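Engineer: Before I ask anything, let me first share the structure, which is written out below as structure tokens.
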Amino acid sequence: MLAPMKYPRCSIAVAFLVLLAGLWLAGCGPHASEAPPSPPQVPAEGRSPVAAAIANHLEYGGEVFAVFDINGDLAAAGNTYADLLSSLLKQAPAGTPYAKLDFHALFSRLGLYGIAGGGISSWRVPNDILYHNRAFLYVPNGRQGLLQITGDAPAAFVSPTLAPVDTDLAYESTLNLKSLADLVLGYVSDIGGPDLLQTTMLQLKEPIAPNTNVTWQWLLNHLNTRIVLAARADTTLTIPLEANVTIPQVDFVLSFDGMADLFTQLTPLLQAFGTVGEKNGFQTATLAIPLPKEYSSYQPELLADPKTQRLYLVSRPAFADVTVFDQGPRLATSDDFLAATSGLPTVGNGFSYVSKKGIDTFIKNYAQALSDLPPESQKAVMQSVYGDLARLPHGIASTQVNLPDGILVQSVAPQSNKTILLLGPAVAIGLTSAMAIPAFSKVQAQNHTIAITNNLRQLASAAQQYMLDKGVTQAGYHDLVGTGTDKYIRSISPVAGENYQDMIIYQTTTQISARTADGTVVTYNL
């Protein structure tokens, strides 16, 4: 019999560790690169035919992921509504307008029947308050009707290279208004037939203004363009809105691709309203339009670049110098812009960006509108509506891209798409309240003024009667107000903390006043 072998305890421990390492490398234990288990799948016969196509445009695994299959639902709802309207019109008297209108064709022209579904996703940037959001509208057979207004094929965004480095707001969008015109003309044909369509086409050939050859038809044919807006707030110049509310003057440049010929077409009209000239190869028109005093620093200027066929509208020539003509630092080099657009595409059909400075300026000016509220209320409103924006480390941005099978919107923002789904109604209520509170405060102040004026009027009238009855030259509050039979007013109710009890009205008094708790003085002339 063999004697049992004895191993040192340290040898057993080493052998055990070697065994575990072997199992780890063989894949028998947990593996660092092992994917998480897939979620349970719907049986093949129950799966949505559009869910996978939609999900391919979203990002799975974040705080929000949702896919909506509405394939055929909009068409069914539209057909039901069209049947209802058609049946109602059949009961209408002969000759009723739109009695022959085909609502099925009308709704089909909108292009909404082609929407098969959509989806949203959001994930939060680690150690940050920002979310990367996506929303996708699935149109498998291509965009039709209203969905064509967003333009055609994606292209490189223009605003980052047009706007100066200190831009506060950048926006651009491809625009195909000709598709909208075609949609409307289709409606006209459905409603009135060939005769009404011909009449409408003749009207479109009329000039858009006197002294110009530009017709509505020409304009519609050229409105397949890209619009770009760049704006910068100048905090050294302010525009008063109300007694205690001002906003900074905003310089802007607005450009339209492929519209430079419009300048030539409108030259006679521009000469009637300003000075037409030339600068750096551009056609220029400075518009001599009278503006209100608070906007007097604006001097609108129209510029046309024959080389790029781009048309510009600028707030004033000085801003054109730093946008259209200057080749200094551009928005694309801004650290704030680069942080805000990180992860977003540089090619698309729509783009928007708001700088951190622009957001802070907006919040500061909005806070002025709440200055009539108590400090606690101001703080509560600002926190509920703009709390996340105030904590942003940089600006925010979004993009929109037309794809062969739909429209994809991406954004980097302090709220996720969950806010839209779950908190949308609450946010809407908060925004409505935020806008309503200043207006309510003003209405309340006006009501207080009316009530106080009425109290003063009663006291003045009673004092005149008291002095006439008693043959005296003065009357005090306590001579006039009380429950006794010798009093002239039963009671006076303060409405805003004002005090009437020390008031004395003399025979020679021509004006009396009351001061509210917040220091407002209300007067009444005798």
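Engineer: Could you give the size of the charge dipole of the stretch 443-525 about its Cα centre, using +1 on the Cβ of each K and R and -1 on the Cβ of each D and E, expressed in debye and rounded to the nearest 20?
Structural biologist: Dipole size: approximately 120 debye.
Engineer: Taking the alpha-carbon distance from residue 418 and a cut-off under 19 Å, which aspartates and glutamates remain once sequence neighbours fewer than 8 residues away in the same chain are dropped?
Structural biologist: 59, 63, 69, 128, 388
Engineer: Additional query: Taking 0.36 nm per residue of separation and subtracting the Cα-Cα distance, what length does fully extending residue 296 through residue 454 add?
Structural biologist: Between residue 296 and residue 454, full extension yields 52.7 nm more.
Engineer: On a full-extension model of 0.36 nm per residue, what is the gain between residue 493 and residue 447, subtracting their alpha-carbon distance, rounded to one decimal in nm?
Structural biologist: Computed gain between residue 493 and residue 447 is 15.2 nm.
Engineer: Related question: Among 114, 169, 187, pick out the residue whose Cα is farthest towards the positive end of the charge dipole of the stretch 111-218, where Lys and Arg carry +1 and Asp and Glu carry -1 on C-beta, about the Cα centre.
Structural biologist: Checked the options; the winner is 114.
Engineer: Give the calculated FRET efficiency between residue 180 and residue 520 to the nearest 0.05, with a Förster radius of 56 Å applied to their Cβ-Cβ distance.
Structural biologist: The value I calculate is 0.65.
Engineer: A further question follows. Under a no-solvent Debye model with one identical scatterer per Cα of the stretch 130-205, what's log10 I(q)/I(0) at q = 0.11, 0.21, 0.23, 0.24 Å⁻¹?
Structural biologist: -0.52, -1.03, -1.11, -1.14
Engineer: Calculate one ³J(HN,Hα) per residue across the stretch 499-509 by plugging θ = phi - 60° into the Karplus curve 6.51 cos²θ - 1.76 cosθ + 1.60, and present them in order as whole Hz with x for glycine and proline.
Structural biologist: 10, 9, 5, 8, 6, 10, 10, 9, 5, 8, 5
Engineer: Work out how much length residue 156 to residue 363 would gain on full extension: take 0.36 nm times their residue separation and subtract the Cα-Cα distance, in nm to one decimal.
Structural biologist: 71.4 nm
Engineer: Separate question: State, to one decimal in nm², a quarter of the convex hull surface area for the C-alpha atoms of the stretch 443-525, i.e. the direction-averaged projected area.
Structural biologist: Approximately 5.2 nm², given one-decimal rounding.
Engineer: I've got another one for you. Would you mind working out the magnitude of the charge dipole of the stretch 114-264 relative to its Cα centre, with +1 at each Lys and Arg C-beta and -1 at each Asp and Glu C-beta, to the nearest 20 Debye?
Structural biologist: So the dipole magnitude of the stretch 114-264 works out to roughly 400 debye.
Engineer: Simple spin-label model, 7 Å along Cα-to-Cβ: residue 474 to residue 81 in nm?
Structural biologist: 7.4 nm
Engineer: If the limit is 28 Å between Cα atoms, which of 279/356; 178/307; 279/357; 178/357 go over it?
Structural biologist: The pairs that break the limit, which is 28 Å between Cα atoms, are 279/356; 279/357; 178/357.
Engineer: Report the FRET efficiency, 1/(1 + (r/R0)^6), for residue 271 and residue 464, where r is their Cβ-Cβ distance and R0 is 60 Å, rounded to 0.05.
Structural biologist: That gives a FRET efficiency of 0.35.
Engineer: Please list, or write none, the aspartates and glutamates whose alpha carbon is within less than 19 Å of the alpha carbon of residue 205, excluding same-chain residues fewer than 8 places away.
Structural biologist: 182, 195, 261
Engineer: Mind ranking 312-323, 163-174 by how tightly packed they are, going by the mean number of other C-beta atoms within 10 angstrom, highest first?
Structural biologist: Those peptides, ordered most packed to least, come out 163-174, 312-323.
Engineer: Here is a further query. Sort 259, 467, 201 by Cβ crowding within 10 Å, fewest neighbours at the top.
Structural biologist: Least to most surrounded, the residues fall as 201, 467, 259.
Engineer: On to the next question. Among 339, 231, 259, whose Cα projects farthest towards the positive end of the dipole of the stretch 139-415, with charges put on the beta-carbon of Lys, Arg (+1) and Asp, Glu (-1)?
Structural biologist: Projecting each Cα onto the dipole axis, the largest value belongs to 339.
Engineer: Return the aspartates and glutamates within reach of residue 470: Cα separation strictly under 14 angstrom, same-chain partners fewer than 8 residues apart disregarded; answer none if there are no such residues.
Structural biologist: Cα-Cα hits under 14 Å: 479, 486.
Engineer: Kindly state, to the nearest 0.05, the FRET efficiency for residue 129 paired with residue 165, given R0 = 25 Å and r defined as their beta-carbon distance.
Structural biologist: The calculated FRET efficiency here is 0.50.
Computed from the coordinates by the stated procedures, all read-outs in this text should not be read as laboratory data. Predicted, not measured: the structure shown is a model, and the values here were computed from it. Virtual Cβ from ideal backbone geometry, glycine too; neighbours counted across all protein chains shown.
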